[in-house]
1. Among the residues of the range 77-99, which ones are open to solvent by 60 Å² or more (accessible area, probe 1.4 Å) and either at positive phi or under 18 Å from the mean Cα position of the chain (by Cα) (or both)?
2. Is at least one residue of the range 39-61 within 11 Å of the ligand (Cβ to nearest atom), open to solvent by 70 Å² or more (accessible area, probe 1.4 Å) and among the charged types (D, E, K, R)?
3. List, please: which pairs have Cβ atoms under 7 Å, are six or more places apart or on different chains, and start with a residue in the range 107-118 that is over 23 Å from GLU70 (Cα atoms) and end with one that is open to solvent by 60 Å² or more (accessible area, probe 1.4 Å)?
4. Does the range 109-126 hold any residues that are open to solvent by less than 30 Å² (accessible area, probe 1.4 Å) and more than 13 Å from the ligand (Cβ to nearest atom), and which are they?
5. Scan the range 93-108 for residues that are away from the ligand (no atom under 11 Å from the Cβ) and either part of a loop (DSSP other than H, G, I, E, B) or within 18 Å of ASP145 (Cβ to Cβ) (or both) and jot them down.
6. Which ones in the range 59-84 are closer than 20 Å to LEU24 by Cβ, part of a strand (DSSP E or B) and not aliphatic (A, V, I, L, M)?
Amino acid sequence: MVRENEIRRGEIAVAAPPPDDAGLVFIGVIHTPWTSRLMTPRMGRADGPLCRIEVHEPWREALSGVEQFERLEVLYWLHLSRRDLVRQSPADDGSTRGTFALRSPARPNPIGTTIATLVGVQGPTLLVRGMDCLDGTPLLDIKPDRTLFRPIAPPQPGDFETG
Ligand code: SAM
């Protein structure tokens, strides 16, 4: 069912910015073994080390049900990245590519994403593998892995006829 702006039965809302305000709120913090960018993997691996995603109030209630998913998409703010590069040279060999052709952390809005394997839930903390960010990286969002969802079929003629 398409959502407008209603609050439905049983739903809980907290104070949050209006939808057209793109100022992001950090909803938690990610703890990993890495304290240097050079040591941090370029991409997370399902067999990587156990990491902790700590969700802060008032968003802890939003974790209800995550335990049923084996894989979660995690979005985070790469808070030490520069944001001003439009062409980059990942190999530092004189050749360059546009920022949008790279998964480099240096981007206008340095949002990182990974598919994490959920190992356990301990109250407001998720135990996961598959991270590739520094210890202390701010958390932006958590969603079930998109590959677990099928697109909804487009409406067919007659779908909305009432008899
Ligand atoms: N998997 C994410 C993605 O594809 O959106 C991030 C990929 S990015 C290539 C991962 C690299 O970003 C790490 O190897 C590290 O050098 C850097 N990095 C990790 N955490 C960071 C942070 N909090 N601030 C700035 N750079 C970070």
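The values are calculated or read from the model by the stated rules, or taken from the named source; none is laboratory data. Just so you know, these numbers come straight off a predicted model, no measurement behind them. All Cβ positions, even for glycine, are placed from backbone atoms using ideal geometry, and neighbour counts span all protein chains on display. When the accessible area is computed, the model is the full protein with side chains, heavy atoms only, and any ligands, DNA or RNA have been set aside. Shrake-Rupley method; radii C 1.70, N 1.55, O 1.52, S 1.80 Å.
1. Listed by number, the residues that qualify are HIS79, LEU80, ASP92, GLY94.
2. Yes - at least one qualifying residue is present in the range 39-61.
3. ARG107/ARG83; PRO108/ARG83; PRO110/ARG83
4. LEU118, GLY120, THR125, LEU126 - these are the residues of the range 109-126 that are open to solvent by less than 30 Å² (accessible area, probe 1.4 Å) and more than 13 Å from the ligand (Cβ to nearest atom).
5. Result: ASP93, GLY94, SER95, THR96, PRO108.
6. GLU73, TYR76, TRP77
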